[in-house]
1. Looking only at residues in region 32-51 that are in a strand (DSSP E or B) and among the charged types (D, E, K, R), which one is nearest to Q91 (Cα to Cα)?
2. Please verify whether L49 is surrounded by 13 or more Cβ atoms within 10 Å (Cβ to Cβ), without any contact (Cβ under 8 Å) to a residue 24 or more places away in the chain, touching a strand residue (DSSP E or B) at 6+ places or on another chain (Cβ under 6 Å) and farther than 30 Å from V124 by Cβ, treating the condition exactly as stated.
3. Working carefully through the options A29, A23, find the one that is touching a residue at least 40 places away in the same chain (Cβ under 8 Å), farther than 30 Å from F178 by Cα and either within 16 Å of the chain's Cα centre (by Cα) or part of a loop (DSSP other than H, G, I, E, B) (or both).
4. What residue, among those in region 168-177 that are open to solvent by 30 Å² or more (accessible area, probe 1.4 Å) and among the small types (G, A, S), is farthest from V126 (Cα to Cα)?
5. So, D144, is that one open to solvent by 50 Å² or more (accessible area, probe 1.4 Å) and either part of a loop (DSSP other than H, G, I, E, B) or in contact with a helix residue (DSSP H, G or I) (Cβ under 8 Å, 6 or more places away or on another chain) (or both) or not?
6. Give me the pairs: first residue in region 153-167 and over 17 Å from A127 (Cβ atoms) and of a type outside the set (F, W, Y), second residue in a strand (DSSP E or B) and open to solvent by 100 Å² or more (accessible area, probe 1.4 Å), beta-carbon distance under 8 Å, and six or more apart or on different chains, which are they?
7. I want to confirm something. Restricting to region 137-182 and keeping residues that are in contact with a Phe, Trp or Tyr (Cβ under 7 Å, 6 or more places away or on another chain) and of a type in the set (V, I, T), which single residue is nearest to A108 (Cα to Cα)?
8. Please go through (1) under 19 Å from the mean Cα position of the chain (by Cα); (2) within 20 Å of C11 (Cβ to Cβ); (3) open to solvent by less than 80 Å² (accessible area, probe 1.4 Å) for A80 and return the number of the only condition it doesn't satisfy.
Amino acid sequence: MLNRWVVMPICLPSVLRRCHACASGRFRADGKFRVNAHHKLLDAWLLVLCAGCGATAKLTVMERVRVRSVRPELLDRMHANDPGLAADLLQDPVLLRRNRVALDWSGAWRLDTGGSDHLDREVVDVAVRFAARIPVRPVRLIADGCGLSRAEVERLAEEGKVVSAVRLGGKVSDGFTFTLKR
């Protein structure tokens, strides 16, 4: 029987960037946007707040874009400060690269295993799906979902009792499957 686990976000991740006011390296996004028009050109930013001092920084979403080329529903979502749009934009690697920031997902996600009925079986087949692009080590997911320590999962992997097509030591953000034999 195949178990289905889901890694899902519970809040927006922290933005890793140096603060100009207090030298803190962490910002939090709360889904607020600033849109500015210059005649027929439009600028849009996602606002983030410093976790140390509360100073505001802007992540560029659009820069000098013609108003007619922006989809009206996108503009409406920015004017409404849609937190879903902020979450989508923080997942965009182009936006992260353009603004030279990274994300810290620690404490911003949870693993939904659908219950603990799989813990007492000898062989457990699991398909892990990600609701968002959250980079997590498979060893950590297996340990959290099966109630084991990470060292125990690594030992089981060395013995061939944890089998997966993905490398268990690295981070993944796409779905994968694994089999655990006890």
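1. Filtering region 32-51 down to residues in a strand (DSSP E or B) leaves 32-38, 41-50.
If we keep only those that are among the charged types (D, E, K, R) too, we end up with 32, 34, 43.
Details: K32: 16, R34: 19, D43: 20 Å.
For region 32-51, the residue satisfying everything is K32.
2. Criteria met by L49.
3. It is A29.
4. By that ranking, first place goes to G169.
5. Criteria not met by D144.
6. Pairs found: none.
7. My answer is I142.
8. So A80 meets the others, but not (1).
The values are calculated or read from the model by the stated rules, or taken from the named source; none is laboratory data. Bear in mind that the values here come from a model prediction, so they are computed numbers and not experimental data. Virtual Cβ from ideal backbone geometry, glycine too; neighbours counted across all protein chains shown. For the accessible areas, the whole protein counts, side chains as well, though only heavy atoms, and no ligand, DNA or RNA atoms are used. Shrake-Rupley method; radii C 1.70, N 1.55, O 1.52, S 1.80 Å.
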